[in-house]
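In what follows, a single structure is set out as structure tokens and then discussed.
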2 protein chains.
Amino acid sequence: MMTRFMQEALALARQAEAAGEIPVGCVIEKDGVIVGRGRNRRETDRTALGHAEIEAIAEACRTLGEWRLPGCRLFVTLEPCPMCAGAILNARISTVVFGAWDPRAGACGSVEDLMRGQFTHRPEVISGILERECEDILKDFFKKLR
Amino acid sequence: MMTRFMQEALALARQAEAAGEIPVGCVIEKDGVIVGRGRNRRETDRTALGHAEIEAIAEACRTLGEWRLPGCRLFVTLEPCPMCAGAILNARISTVVFGAWDPRAGACGSVEDLMRGQFTHRPEVISGILERECEDILKDFFKKLR
């Protein structure tokens with residue numbers, strides 16, 4: 001079940017890659033249904049806010065008609081950065097599932113851990129789901145850039 | 001000069017208040033010109049991303065046609081939360097100027113300090129500009145709610 005949603009996130013990461021973006025994808029699931037999808041669009045849309053999680057959270061808020069997303073699980077191929085981890089806290093998302101760790105900018109355990117900080121909301125965090133696939137798509141992308 | 005831009009942010013906070021939102025406003029300035037404006041729209045737009053800084057950063061990226069905003073100063077009436085502090089890092093904003101401290105969710109020194117963390121980018125941070133006015137507008141808002 002977790003693998004299935006991470007596969008959906010990986011499909012979005014591949015779409016990002018095809019568009020020349022760093023391949024990161026994200027889906028948000030509630031009661032077995034995907035309520036939000038996103039992929040990296042930073043270069044195409046020329047916005048610092050263009051991360052996969054931000055797009056997925058915006059869509060989930062539209063789908064559910066609420067800024068609070070309790071009972072939702074967010075699946076993302078790469079460990080969220082501080083902006084996205086903060087958005088997850090603001091949206092009261094219940095569970096965060098990520099694939100690859102981001103030792104450079106990860107805010108769910110790598111550089112910082114905003115999910116276990118002093119903030120009011122503390123989502124459950126599950127790491128390493130389809131880790132190898134999520135890592136490989138990033139490694140391949142950066143290898144081709146060189 | 002700093003006071004002038006914070007007054008502009010306060011004017012946006014008052015617009016938020018008039019719309020029934022927690023009164024927070026933000027402007028982004030480059031070379032003396034305002035390139036992005038934002039105010040809290042969380043309840044109206046029903047989105048967890050509806051903070052003043054996010055709207056201002058989105059607008060500044062559109063104005064300048066770039067996801068990187070070096071040389072920009074962000075003025076906000078309330079200390080940024082983790083999401084907004086993370087967005088400031090992602091946008092490579094040079095200077096953050098805020099009015100009131102947020103002891104509950106502030107990520108520029110109160111609860112966390114993402115601006116002095118282990119992340120690559122480290123903006124200059126100036127706090128307490130028009131602090132009293134920025135605090136009072138929030139206090140008055142919450143007093144009326146009770």
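Would you mind stating whether B:Arg62 is surrounded by fewer than 24 Cβ atoms within 10 Å (Cβ to Cβ), in contact with a helix residue (DSSP H, G or I) (Cβ under 8 Å, 6 or more places away or on another chain) and more than 23 Å from A:Leu64 (Cβ to Cβ)?
Working: surrounded by fewer than 24 Cβ atoms within 10 Å (Cβ to Cβ): yes; in contact with a helix residue (DSSP H, G or I) (Cβ under 8 Å, 6 or more places away or on another chain): no; more than 23 Å from A:Leu64 (Cβ to Cβ): yes.
No.
When B:Pro103 is tested against (1) within 27 Å of B:Asp136 (Cα to Cα); (2) touching a residue at least 24 places away in the same chain (Cβ under 8 Å), exactly one condition is not met: (2).
Give B:Cys84, B:Cys61, B:Cys72 a once-over and let me know the one that is in contact with a His (Cβ under 7 Å, 6 or more places away or on another chain) and either of a type in the set (A, V, I, L, M, F, W, C) or within 29 Å of B:Ala18 (Cβ to Cβ) (or both).
On the way: B:Cys61 fails: in contact with a His (Cβ under 7 Å, 6 or more places away or on another chain); B:Cys72 fails: in contact with a His (Cβ under 7 Å, 6 or more places away or on another chain).
None of the other options fit; the residue is B:Cys84.
Identify, from the list A:Gly99, A:Gly117, A:Gly128, the residue that is of a type in the set (Gly, Ala, Ser), at pLDDT below 95 and on the phi < 0 side of the Ramachandran plot.
A:Gly117
Cβ separations smaller than 8 Å between residues 6+ apart or across chains give the following pairs from the stretch A:11-40 residues that are over 21 Å from A:Glu131 (Cα atoms) to residues that are assigned to a helix (DSSP H, G or I) and of a type in the set (Val, Ile, Thr): A:Ala19/A:Thr44; A:Gly20/A:Thr44; A:Val35/A:Thr63; A:Gly36/A:Ile57; A:Gly36/A:Thr63. Filtered by the rule that a residue be within 14 Å of another protein chain (Cβ to nearest Cβ) and not in a loop (DSSP other than H, G, I, E, B), the stretch B:91-141 gives B:Val96, B:Cys108, B:Asp113, B:Leu114, B:Met115, B:Arg116.
Of all residues being of a type in the set (Gly, Ala, Ser), closer than 23 Å to A:Glu133 by Cα and part of a helix (DSSP H, G or I) in the stretch A:50-88, which is nearest to the other protein chains (Cβ to nearest Cβ)? Just the residue, please. Only one residue tops the list, namely A:Ala85. Can you give me the number of residues within the stretch A:18-40 that are within 12 Å of another protein chain (Cβ to nearest Cβ) and either crowded, with 24+ Cβ neighbours inside 10 Å or closer than 26 Å to A:Pro70 by Cα (or both)? Selection size over the stretch A:18-40: 4.
The values are calculated or read from the model by the stated rules, or taken from the named source; none is laboratory data. Note that the structure is predicted; figures quoted are calculated from it, not measured. Cβ coordinates were reconstructed from backbone atoms using ideal geometry, including for glycine residues, and neighbour counts include every protein chain displayed.
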